[in-house]
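Read the figures in this text as sums done on the coordinates, not as results from a lab. What you see is a predicted model, and the numbers here were worked out from it, not measured in a lab. Here Cβ is always computed from backbone atoms with ideal geometry, including for glycine, and neighbour counts include all displayed protein chains.
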Amino acid sequence: MNDAALFAHTDHLGGSDANGMGLANQCFQLPDLGCGPSAAGRALDASGWDDFKKILKEAGDKLVVVDFTATWCGPCKQIGPIFVKMSEDPANKDIVFLKVDVDEAEDVSSSCGISCMPTFHFYKNGEKVDEFSGANAKQLSEALEKNR
């Protein structure tokens with residue numbers, strides 16, 4: 001595999017990688033591929049840097065959680081429906097959920113320093129307050145509560 005090779009490769013998401021690590025904590029390096037938008041539920045899509053900055057500004061002091069994702073990324077497909085479900089939860093109505101397709105919005109992923117997916121960034125008042133990488137639903141839930 002070349003520089004665009006996956007950090008971890010598997011045909012099933014529930015198993016472990018070669019190091020015995022659970023795949024929920026794995027992320028994939030960005031290859032240069034094109035793909036389409038993937039928004040669903042209450043989660044918004046940012047199509048470019050201007051759109052991204054506008055959403056952060058309009059959110060004000062609300063927490064903004066950003067899912068940097070790709071349609072070809074296995075762990076992203078695992079956590080994506082959970083992210084959408086969290087966005088639809090009435091308890092999270094005060095949180096802005098934003099999906100950024102790294103292939104469609106390369107300017108955003110580049111400016112935010114994204115090198116693997118899924119990566120989650122958390123913003124308040126336009127400033128990043130937290131981040132983590134990997135398809136870990138428990139960690140996502142805990143980060144939402146911590147940064148609320």
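Considering only residues in the stretch 48-72 that are acidic (Asp, Glu) and more than 16 Å from the chain's Cα centre (by Cα), the one that is surrounded by the most Cβ atoms within 10 Å (Cβ to Cβ) turns out to be Asp51. If you filter the stretch 105-125 down to residues that are farther than 18 Å from Lys54 by Cα and not aliphatic (A, V, I, L, M), you find that the one that is surrounded by the fewest Cβ atoms within 10 Å (Cβ to Cβ) is Gly113.
Those residues that are touching a strand residue (DSSP E or B) at 6+ places or on another chain (Cβ under 7 Å) and either part of a helix (DSSP H, G or I) or of a type in the set (Lys, Arg) (or both), I need them from the stretch 57-74; list them, please. Listed by number, the residues that qualify are Ala59, Lys62.
For the stretch 107-148, a residue qualifies if it is in contact (Cβ under 8 Å) with a residue 24 or more places away in the chain, outside any strand (DSSP E or B) and of a type in the set (Ser, Thr, Tyr), and the qualifying residues are Ser109, Ser111, Ser115, Ser141. Within the stretch 74-103, the set of residues being closer than 20 Å to Lys57 by Cβ and among the basic types (Lys, Arg) comprises Lys93, Lys99.
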